[in-house]
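Only one structure is covered here, and it is reproduced in the block below.
We did not get these values from a lab; they are worked out from the coordinates using the rules stated. As the structure is a computational prediction, the values presented were derived from the model and not from experiment. Backbone-built Cβ (ideal geometry, glycine too); neighbour counts: all protein chains shown.
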Amino acid sequence: MRVLAIDPGEKRIGIAISDPTGTIAAPLIVLQHISRSVDAATIADLAQTNQAGLVVIGKSLDENGTPTPASRRADRLVEAIRLQCDLPLITWDESFITQSARQASLDMGVSRRKRRGHMDDLAATVILQTYLDAIMEK
């Protein structure tokens, strides 16, 4: 089963997709944030187009595990997506994912100039891979 992952941001939304076996994550696209309802419709369409059976939405928590303003925005996005499709939706802790994405780009030898841009699709990929790895361990 393919899994779609979302790294919701205020300006951009990173999207990643798994392979058909649900083992390997890959970047898919970066969407420019328009409005919650338009973003949700686009995400629902991407899930359907890519035959995803599950959508994982990154949700950041603070160091005490308490919701942040960004996590409350993620919850509102989840509800908006829920109105657009009937796929299962789960949230996944994305705390410190951007730092992991930056490190991954360093490890891959991405030039400093290219690293200056957004990391949204790579962050979505890290969210998805951590989710896939965690469910494989169970």
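What are the residues whose amide H is under 5 Å from the amide H of residue 57, where those residues sit 5 or more places off or on another chain and H is modelled from the backbone?
The answer is 6, 90, 91, 92.
Once the piece of chain linking residue 23 and residue 45 is laid out straight, how much longer is it, given 0.36 nm per residue of separation minus the C-alpha distance between them?
Value of the extension gain: 5.7 nm.
What's the FRET efficiency of residue 72 with residue 32 using the Cβ-Cβ distance as r and R₀ = 25 Å, to the nearest 0.05?
The pair residue 72/residue 32 has a calculated efficiency of 0.75.
Could the peptides 64-72, 31-39, 9-17 be put in order, highest first, of the mean number of other beta-carbon atoms found within 10 Å of their residues? Spell out each step's value before the answer.
Numbers: 64-72: 11.7, 31-39: 13.6, 9-17: 20.7.
Highest-to-lowest ranking by the protection proxy: 9-17, 31-39, 64-72.
Working only with C-alpha atoms, what are the Rg and Dmax values of segment 1-103, expressed in angstrom?
12.9, 37
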